[in-house]
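The block underneath contains the structure these notes are about, expressed in structure tokens.
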Amino acid sequence: ERHGDRFLDRTFTAEERAYCDTLKFPQKHYAARWAAKEAVAKAFTTGIGEHLDWTSISVEHGERQEPLIRLDDKAQALLHDIGGTGVLISLSHTESHAMAVATLIRS
């Protein structure tokens, strides 16, 4: 609330915002996506900063509504550089907590 749209614009993609904003309690879905971005950045061992932007990582839904990670070109290049071929993500949230676990796939 303190940072409003500026925070949301810097942290989430337009697609993530469109999805979360349609839900009754968008904050818990934003929190889960925040946790996913943190988990992926840590799995890459870089964190958010020089190598990854917040919007380099986004959460989408697959055919069965499973969470999927989409990486921008910058993140895809980093994934390739560290020998990865993909990212798996698990999300969980309640009314007051959110968490995510990310695993890099290596061939």
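The values are calculated or read from the model by the stated rules, or taken from the named source; none is laboratory data. Predicted, not measured: the structure shown is a model, and the values here were computed from it. Here the Cβ is made from the backbone with ideal geometry for all residues, glycine too, and neighbour counts use every protein chain on show. Note: accessible area is taken over every heavy atom of the protein model, side chains too, but ligands, DNA and RNA are not part of it. Shrake-Rupley method; radii C 1.70, N 1.55, O 1.52, S 1.80 Å.
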Restricting to region 58-70, name every residue that is out of contact with any Pro (no Cβ under 8 Å at 6 or more places or on another chain), among the hydrophobic types (A, V, I, L, M, F, W, C) and in contact (Cβ under 8 Å) with a residue 24 or more places away in the chain. I69
Can you go through E38, E16 and tell me which one is open to solvent by 50 Å² or more (accessible area, probe 1.4 Å), in contact (Cβ under 8 Å) with a residue 24 or more places away in the chain and within 13 Å of the chain's Cα centre (by Cα)? E38
Give me the residue from region 47-90 that is under 19 Å from Y30 (Cα atoms) and of a type in the set (S, T, N, Q) and, out of that set, most open to solvent (accessible area, probe 1.4 Å). Q65
Based on this model, can you work out whether R70 counts as touching a helix residue (DSSP H, G or I) at 6+ places or on another chain (Cβ under 6 Å), at pLDDT 95 or above and outside any loop (DSSP other than H, G, I, E, B)? no
Quick check on G84: is it farther than 24 Å from R2 by Cβ and either in contact (Cβ under 8 Å) with a residue 60 or more places away in the chain or of a type outside the set (S, T, Y) (or both)? yes
